[in-house]
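Step one of this worksheet: look at the structure below.
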Number of protein chains: 2
Amino acid sequence: MGSRILVSQKEIREKVVKILTDIGVPGEDAALTADILLDAELRGVESHGLMRVKTYAERIRLGLIEADPEIRIELNGAVARVDGGNGLGQVVMARAASAGIDLAKKYGIGMVTVCHSNHFAAAGYYAEMIAKERCIGIVTTAAAPVMAPYGGREVLLGTDPVAIAFPAAEQTFYGDISTSASSRGKIRVYSKTGREIPSGWALDRDGNDTTDAAEALEGILLPMSGHKGYILAMAIEAACCLLSGANLSCESSTIFDYTRTTNTGHSLIAVDIAHFLPPEEFEERAQQWFDRLRNSTPQPGHQIQIPGEMGDRRRREAGETISVLRETVEAIDELSGRNWRLWR
Amino acid sequence: MGSRILVSQKEIREKVVKILTDIGVPGEDAALTADILLDAELRGVESHGLMRVKTYAERIRLGLIEADPEIRIELNGAVARVDGGNGLGQVVMARAASAGIDLAKKYGIGMVTVCHSNHFAAAGYYAEMIAKERCIGIVTTAAAPVMAPYGGREVLLGTDPVAIAFPAAEQTFYGDISTSASSRGKIRVYSKTGREIPSGWALDRDGNDTTDAAEALEGILLPMSGHKGYILAMAIEAACCLLSGANLSCESSTIFDYTRTTNTGHSLIAVDIAHFLPPEEFEERAQQWFDRLRNSTPQPGHQIQIPGEMGDRRRREAGETISVLRETVEAIDELSGRNWRLWR
């Protein structure tokens, strides 16, 4: 990938906030969006980090995302439907997660579906938000169409990720996975180093399974473990789209299609641990389990980790700086220098 | 695998009921257990079918499963904790699923955790039970320890499956997957035909990744898609064991260990579709989506299916007979001929 530079977290965050507020995003929403993107970047997931700012700004400028949306929440028992008013995915989903936590605290479990939202970046952020309230958080979203159904060769499903987080005594379990066998980003790394990808990751343009990374990049992603990823992706779209009224992946397009809105759907479940047992007991037993797994014998050349701890460590060790792709920094510099108000 | 014979569904069901009632299982519970095992067998999942009767009977006879358990259900808002009283997993989980449906109808969503249960065979059965009530059903269980953590080489996790079901206008989505890359049963098929297994499925006894099926059978299963299956298995055990008070996989043993009880944990979530939109709308849109996926272009030599439809078809086409492994039929014949009452 491109070269990286070390910048001040505070400075780049201020620039992102300026870019967004300049085009009409309320200050609090801009700060939240900046924080969520920065968090992914700090965890080392740059594909869900600051590189997204440019696309978000462009879509707001074109009227494809509402800068200041009217978000409607309709409660019904322990579930809620959120209509995101076509706002930034971060703003909409953080609101949905808060509603989910409130429901969980009241009923033991809460579920929230979301329609008319947009790309929200890392699902794990919202799951962690829920885990911080001593709940189990499960967060899913429909993603842009890039994947074929199991046995098929048409792009009809998204990489539809699921993130799960819950607290332990000394750390937070944080898992965030796509339901595809791999990602374009990972295949790109194989391509650059000239390595073959495993069979089952992708089809070439003619719909044949390929181990050639370059051909795969022009082709179609496949579900993880064949039918297993297919089942999970479909279940996720059922919750995020059928239940909410959002577009299925096969009905939507990518955020790089600047001709239409996405009507992206998400869903989340929050489970209040205290409704089952004292949270301290849960967290203590979880930590003992984590320690047992972590201290078990590794495979030669491997290390056993608890999901999330590598990202936690990176985030902690970053201090006040952050390493960002040079082209991302340049784009943010350029955008924050513009006087966007002139464009509106 | 072994040879199969065609038997009458009614007759073999009656024999299973007799085996269980002879050792003290109430008639209704015995009938339910027989129906659940028969259903898996009819769907073509013989590993979760009638071959289990012998082990269940043996464990009941040894006092390791309670024939007539006291099942306690503790409700708390939209969630419930079930203590299965060490009863048959089928009896306990069917009760838990009913409680989950009731909660979903009342609150929009319900979650039930279960401890002190036993092997319940196919998770999909209970998910389908929930789907029949126009809900989305998500069912998970902790399984016996056979799998290593990602990067590890000790047996500390189960194949911890998740099943998901929901209704469409003309069919039911029914997905039931383990979180391991493969199963021993599947590896056994490779071993018998002398084929190599893919890398990433299993470790040999020394903890090295192996493509030799025979070595894999003596070794350790690996999580599906590496860290992805690891994350899902851990999340499933958090819900089924930490939340419920059941044994984690690393604390339990297989049902073939006749020295101790298992304290198996399960969990389920039921989501009432009617709390979000009219179920007919959901089901109609789901069906149109299924048809679109099914009618899309397949890969050469493949067919695109909606999860569950192959099993549905098998079950429908079975008529009044069923094809069962000869050794399973013989074991059931032998057990149902015994007068177990003499043993007690």
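The values are calculated or read from the model by the stated rules, or taken from the named source; none is laboratory data. Note that the coordinates shown come from a computational prediction; the quantities given were computed from them, not determined experimentally. Glycine also receives a Cβ, built like all others from the backbone with ideal geometry; neighbour counts cover every protein chain displayed. Side chains are part of the model used for accessible areas, which takes the heavy atoms of the whole protein and leaves out ligands, DNA and RNA. Shrake-Rupley method; radii C 1.70, N 1.55, O 1.52, S 1.80 Å.
Quick notes on this one:
- Listed cross-link partners A:Lys15/A:Lys186; A:Lys106/B:Lys105; A:Lys106/B:Lys132 are compared with a 22 Å cut-off, the Cα-Cα value being larger for A:Lys15/A:Lys186; A:Lys106/B:Lys132.
- Heavy-atom surface of the range B:102-216, accessible at 1.4 Å and reported per residue (Å²): 35 Å²
- Ranked by how many other beta carbons lie within 10 Å on average, peptides B:213-223, B:92-102, B:290-300 from highest: B:92-102, B:213-223, B:290-300
- Rounded, prolate or oblate (a/c below 1.5 giving rounded, otherwise prolate when a/b exceeds b/c) for chain B by Cα gyration tensor: rounded
- Averaged over the residues of peptide B:288-295, the number of Cβ atoms from other protein chains lying within 10 Å of each residue's Cβ is 4.
- Among B:Ser183, B:Ser267, B:Ser244, the largest mean-square fluctuation in a Gaussian network model of chain B (Cα springs under 10 Å) belongs to B:Ser183.
- Dipole in debye (nearest 20) - the protein assembly as shown, about Cα centre, beta carbon charges: Lys, Arg +1; Asp, Glu -1: 300 debye
- Take A:Thr259, move 7 Å from Cα toward the beta carbon, and the resulting point lies 6.9 nm from the same point in each other copy, nearest first.
- Over the range A:1-143, Cα pairs under 8 Å with separation of 6+ residues give a relative contact order of 18 percent.
- Peptides A:166-173, A:268-275, A:193-200 ranked from most to least packed give A:268-275, A:166-173, A:193-200, packing being the mean of other C-beta atoms within 10 angstrom over each peptide's residues.
- Portion, in percent, of the accessible area of chain B that falls on carbon or sulfur, probe 1.4 Å: 48 percent
- Overall, the anisotropy analysis places the range B:192-344 in the rounded class: the square-rooted eigenvalues a ≥ b ≥ c of its C-alpha gyration tensor yield a/c less than 1.5.
- The alpha-carbon of A:Lys10 sits under 20 angstrom from the alpha-carbons of these lysines, leaving out residues fewer than 8 places away in its chain: A:Lys18, A:Lys54.
- Rounded Å value of the spacing that divides the Cα centres of the range B:91-123 and the range A:285-344: 38 Å
- Size of the A/B contact, given as accessible area buried on both chains, probe 1.4 Å, in Å²: 6600 Å²
- Shielding by partners for peptide A:127-139, expressed as the average number of C-beta atoms from other protein chains within 10 Å of each residue's C-beta, is 1.
- Shielding by partners, peptide A:78-85 (average Cβ within 10 angstrom, other chains): 4
- Note on surface exposure: A:Lys192, A:Lys186 rank A:Lys192, A:Lys186 by accessible area, highest first, 1.4 Å probe.
- Dipole of the range A:1-124 computed with +1 at Lys/Arg Cβ and -1 at Asp/Glu Cβ about the Cα centre; of A:Ala94, A:Gly77, A:Met51, farthest Cα towards the positive end is A:Met51.
- Sorting the segments A:76-86, A:254-264, B:304-314, B:81-91 by their mean number of nearby beta carbons within 10 angstrom, highest to lowest, gives B:81-91, A:76-86, B:304-314, A:254-264.
- Calculated mean residue ellipticity, 222 nm, chain B: -11500 deg cm²/dmol, from DSSP H runs (n ≥ 4) at -39500 (n - 2.57) each, averaged per residue and rounded to 500.
- Whether the range A:33-163 is rounded, prolate or oblate, judged on the alpha carbon gyration tensor where a/c under 1.5 counts as rounded: rounded
- Summarising the amide proton neighbourhood of A:Gln299: residues at separation of 5 or more, or on other chains, whose placed amide H is nearer than 5 Å comprise B:Gly152, B:Arg153.
- Nearest beta-carbon to the B/A symmetry axis - residue in chain B, distance in Å: B:Ala78, 2
- Between this copy and the others, label points of B:Arg315 are 4.3 nm apart in ascending order, each placed 7 angstrom from Cα in the Cβ direction.
- Contact residues in the range A:152-171 (at least 20 Å² less accessible area with all protein chains than alone, 1.4 Å probe): A:Gly152, A:Arg153, A:Glu154, A:Leu156, A:Ile164, A:Phe166.
- When only alpha carbons are used to place a centre, the range A:126-201 and the range B:1-45 end up 40 Å from one another.
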